[in-house]
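Undergrad: Got a structure here, written out as structure tokens. Questions coming.
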Amino acid sequence: MSELSVKHLLGIKYLNEKDIQLIFETADHFKEVINRSIKKVPSLRDITIANIFFENSTRTKLSFELAEKRLSADVLNFSASQSSVKKGETLIDTVNNILSMKVDMVVMRHPNPGAGIFLSKHVNASIVNAGDGAHEHPTQALLDSYSIREKLGDVSGKNVVIVGDILHSRVALSNIFALKLQGANVKVCGPKTLIPKYIKSLGVDVETNLEKALQWCDVANMLRIQNERMDISYFPTTREYTQQFGVNKATLDKLDKEIVIMHPGPINRGVEITSDVADSKQSIILHQVENGVAIRMAVIYLLASKIK
Ligand code: CP
């Protein structure tokens, strides 16, 4: 039987192409399940999962919780803002206390890059990274590639541009790793100040002209400016950013082809994309969210099969 090469999902960096294909094939099965009238399977009846979120989330938190419930796992939800972390408890103590209640898997979002990697070395449970600072967001990248595969038939050979705040984006880094593993061509586009110096070492080209980037691509993945990770200004004004790097209907109408528009959410409407683009038929934003549940069911199911 096929299994993942890893015990934890800490980042796309630790996966190989076979892992991604296995996750997608498993997600295909679960997508079919969650579209039935009975959307639940008993696969993880004996597994308990804790979702511990030290940063805000709408999509990822709800999507993991729903995926776990669809698999019949027992689910604990932990929000740092209402916990004893506020009284000074360390991350390892917090998680070990949760694990002593016989928890098998921890899904964690944390503001510090590498928090999941650190935890995986100190506690005895399978760890799933639900976003660690500006480092990785592996399930987002998996659902993004899965959505491209669903829309365009394959990821290999497709031209994908990631637009916006690349410097502070875990979505960008995980997407770059995932897309390159699957043979896509990847460019990034944004203000030079928001593009990391090391980006070319990842096999990614830089295009600072949005129109040229969009003319080249099959898919544009639009990112939010991560103001919460900035302590200085990286561009003069939001208005100027939008004029240079925002996508609106007129920008798309100028292209000689129809490209696919993606966004991981949350969207700042009118900044990186206008509403008429976000809600257009070219946009697959809500399909990404839908696919997130099947992808997370696949990841949890495959990791759980390694701890049984
Ligand atoms: N895409 C994403 O991670 O969204 P949330 O921050 O709402 O989970």
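The values are calculated or read from the model by the stated rules, or taken from the named source; none is laboratory data. Note that the structure is a prediction, hence the values are computed from the model and not measured. Every residue, glycine among them, receives a Cβ derived from its backbone with ideal geometry; neighbour counts consider all protein chains shown. Calculation scope for accessible area: heavy atoms of the full protein, side chains included, ligands and nucleic acids excluded. Shrake-Rupley method; radii C 1.70, N 1.55, O 1.52, S 1.80 Å.
Undergrad: If I ask for residues that are modelled with pLDDT of 95 or more and within 24 Å of the chain's Cα centre (by Cα), which ones from the range 210-240 would you list?
TA: Correct list: Leu210, Ala213, Leu214, Trp216, Cys217, Asp218, Val219, Ala220, Asn221, Met222, Leu223.
Undergrad: Let me ask something else about it. Looking at the range 51-97 only, could you name the residues that are surrounded by 17 or more Cβ atoms within 10 Å (Cβ to Cβ), among the hydroxyl-bearing types (Ser, Thr, Tyr) and more than 16 Å from the ligand (Cβ to nearest atom)?
TA: Listed by number, the list holds a single entry, Thr94.
Undergrad: Which number in (1) outside any strand (DSSP E or B); (2) within 16 Å of the ligand (Cβ to nearest atom) marks the one condition that Asp154 misses?
TA: Single failed check for Asp154: (2).
Undergrad: Taking Ile284 as the residue in question, decide whether it is away from the ligand (no atom under 12 Å from the Cβ), buried (at least 22 other Cβ atoms within 10 Å of the Cβ) and touching a residue at least 40 places away in the same chain (Cβ under 8 Å).
TA: no
Undergrad: Looking for something of a type in the set (Ser, Thr, Tyr) and either surrounded by 15 or more Cβ atoms within 10 Å (Cβ to Cβ) or at pLDDT 95 or above (or both) - is there at least one such residue anywhere in the range 98-105?
TA: Among the residues of the range 98-105, not one is of a type in the set (Ser, Thr, Tyr) and either surrounded by 15 or more Cβ atoms within 10 Å (Cβ to Cβ) or at pLDDT 95 or above (or both), which makes the answer no.
Undergrad: Quick one: how many residues across the range 1-41 are of a type in the set (Phe, Trp, Tyr) and either touching a strand residue (DSSP E or B) at 6+ places or on another chain (Cβ under 8 Å) or open to solvent by 60 Å² or more (accessible area, probe 1.4 Å) (or both)?
TA: Final tally of qualifying residues: 1.
Undergrad: Would it be correct to say that Val277 is touching a residue at least 60 places away in the same chain (Cβ under 8 Å), farther than 30 Å from Val123 by Cα and away from the ligand (no atom under 16 Å from the Cβ)? First the steps, then the outcome.
TA: Values: touching a residue at least 60 places away in the same chain (Cβ under 8 Å): no; farther than 30 Å from Val123 by Cα: yes; away from the ligand (no atom under 16 Å from the Cβ): yes.
Taking the combined requirement at face value, the residue does not satisfy it.
Undergrad: Which of the residues spanning the range 167-191 are hydrophobic (A, V, I, L, M, F, W, C), part of a loop (DSSP other than H, G, I, E, B) and open to solvent by 10 Å² or more (accessible area, probe 1.4 Å)?
TA: Leu167
Undergrad: Right, here's the next one. Here are the criteria: (1) surrounded by 12 or more Cβ atoms within 10 Å (Cβ to Cβ); (2) not in a loop (DSSP other than H, G, I, E, B). Tell me which single one Glu228 does not satisfy.
TA: Just one mismatch for Glu228, condition (1).
Undergrad: Report yes if some residue within the range 122-143 is touching a residue at least 12 places away in the same chain (Cβ under 8 Å), away from the ligand (no atom under 16 Å from the Cβ), open to solvent by 30 Å² or more (accessible area, probe 1.4 Å) and outside the structural domain of Ser63 (by TED's automatic domain parsing); otherwise report no.
TA: no
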